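Visitor: Quick one: the structure is below, and I'll ask about it shortly.
The values are calculated or read from the model by the stated rules, or taken from the named source; none is laboratory data. Predicted, not measured: the structure shown is a model, and the values here were computed from it. Here the Cβ positions follow ideal geometry from the backbone for every residue, glycine too, while neighbour counts run over all protein chains shown.
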């Protein structure tokens, strides 16, 4: 037994932990959980916990349903919202086949495989997400059928005695108590909309942190009598919720994206990485923006990026190079602005990193930077500048993903097929719906 496992078993005993939750996600990023008695944890470390994988979306077919959940002791944390007496803890799991091999269908393993490829190329990948969400008075819509936000505040507004302010303070304290470091928190542009930015960490830890973050945010909201949603676009008239993520690659202790004296201080590696992301973005948009509602955010304005473009400090671009801090070469990074805060972080980071690595491997060249506000250009001007659109609907995104050669390589055939099957079913369900918009617009005149 290794030192981390011993630490977990000792802590369980010392803190009187009564339940240990094993966490993992299905293919679309829904959190799954099973509670272990403390006496069973040592056995789970040694042999894993058996479960029926065919009952989890995208994990296994019926005829190969036996799977093992192997807890990762490095992710052990006590859950503060469950109270101090009879404490509850959690660990993330890797999913294994019965013969102990990593499951090809495990989203966490997809990201680990991509990170292993980066390591083979000499890189460690660090990520820093800015996570937006709406705080609502309840899960129930108001009289007009729209959600009801907790306030009418706007970007960076300070509201004395404000509900969102108290919420963010409690949420950040709870995040810190489970080992998730927070850089910033503030009110966003929409009413009831908030943003909390997590500190840089390696991509796997970040993905684990995002899954924990969503749970913490929802738990704190429920405790305070409100409801938090990561739905990409809950309001027609207000901005959607994204998860802009900053990426950097390091070679040892050196930032591989930094080159002193180069344009925007960006190295060739950084430019090729960005070129890979821009080239393959239409193919992976179904992963980073996986719901019908996601495309209301991407094409609904409010600084959401809709076109394949990059720019230096240009917030209308899909990929942004943040302002360079003089003397801080280690902070050189790029920001991908397309991801929803509802994406499966393991798969989203795997496809983004995989596309960037492809750009480095193949030596892709980066197109010219976008200087203008891309939204203000005409369609002809955007075409002339090479700013092709992202998919405009989940259906278009599915088609782009289906035609991709790179996505099945990154995701593995099993995740690729299961993911597409799930998304085709969602599109088919949506396609059959008669919406309030259609009834309001057409019923009285047709």
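Visitor: Inside segment 287-303, can you point out the residues that are in a loop (DSSP other than H, G, I, E, B) and buried (at least 24 other Cβ atoms within 10 Å of the Cβ)?
Guide: 289, 290
Condition check ((1) in contact (Cβ under 8 Å) with a residue 60 or more places away in the chain; (2) within 12 Å of the chain's Cα centre (by Cα); (3) outside the structural domain of residue 155 (by TED's automatic domain parsing)) across all residues:
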| position | (1), (2), (3) |
| --- | --- |
| 185 | no, no, no |
| 200 | yes, no, no |
| 211 | yes, yes, no |
| 215 | yes, no, no |
| 220 | yes, no, no |
| 227 | yes, no, no |
| 230 | yes, yes, no |
| 235 | yes, no, no |
| 244 | yes, yes, no |
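Visitor: Determine, yes or no, whether residue 364 is modelled with pLDDT of 95 or more and within 16 Å of residue 322 (Cβ to Cβ).
Guide: Considered against the rule, which asks whether it is modelled with pLDDT of 95 or more and within 16 Å of residue 322 (Cβ to Cβ), residue 364 comes out as no.
Visitor: Filter segment 104-122 down to the residues that are assigned to a loop (DSSP other than H, G, I, E, B) and closer than 22 Å to residue 66 by Cα, then identify the one that is modelled with the highest pLDDT.
Guide: 106
Visitor: Based on what the data block shows, is residue 225 buried (at least 21 other Cβ atoms within 10 Å of the Cβ) and closer than 17 Å to residue 192 by Cα? Walk me through how you get there before you give the answer.
Guide: Details: buried (at least 21 other Cβ atoms within 10 Å of the Cβ): no; closer than 17 Å to residue 192 by Cα: yes.
No.
Visitor: What strands (runs of 3 or more DSSP E) completely inside segment 150-249 contain at least 3 residues that are under 22 Å from residue 31 (Cβ atoms)?
Guide: Working: elements: 182-187, 193-198, 227-229.
Qualifying strands (runs of 3 or more DSSP E): 193-198, 227-229.
Visitor: Here's another thing I want to ask about it. Given the residues 270, 260, which is the only one that is more than 16 Å from the chain's Cα centre (by Cα), more than 30 Å from residue 436 (Cβ to Cβ) and in a loop (DSSP other than H, G, I, E, B)?
Guide: Values: 270 fails: in a loop (DSSP other than H, G, I, E, B).
Matching residue, one of 270, 260: 260.
Visitor: Hey, another quick one. Checking residue 166 against (1) touching a strand residue (DSSP E or B) at 6+ places or on another chain (Cβ under 9 Å); (2) not assigned by TED's automatic domain parsing to the domain that holds residue 49, only one condition comes out false. Which one?
Guide: Condition not satisfied by residue 166: (1).
Visitor: Here's another thing I want to ask about it. Exactly one condition in (1) out of contact with any strand residue (DSSP E or B) (no Cβ under 6 Å at 6 or more places or on another chain); (2) modelled with pLDDT of 85 or more; (3) assigned to a helix (DSSP H, G or I) is not met by residue 63; state its number.
Guide: All conditions are met except number (2).
Visitor: Output the number of residues of segment 133-148 satisfying the condition of being exposed (fewer than 14 other Cβ atoms within 10 Å of the Cβ) and touching a strand residue (DSSP E or B) at 6+ places or on another chain (Cβ under 6 Å).
Guide: Qualifying residue count for the region: 2.
Visitor: Here is a further query. Considering only segment 315-364, how many residues are within 16 Å of residue 281 (Cβ to Cβ) and in a loop (DSSP other than H, G, I, E, B)?
Guide: Here the count works out to 8.
Visitor: Taking into account only those residues within segment 36-53 that are touching a strand residue (DSSP E or B) at 6+ places or on another chain (Cβ under 7 Å) and modelled with pLDDT of 90 or more, which is surrounded by the fewest Cβ atoms within 10 Å (Cβ to Cβ)?
Guide: Selected residue: 38.
Visitor: Mind listing whichever residues of segment 383-418 are assigned to a helix (DSSP H, G or I), buried (at least 18 other Cβ atoms within 10 Å of the Cβ) and at pLDDT below 95?
Guide: Across segment 383-418, the qualifying residues are 414, 415, 418.
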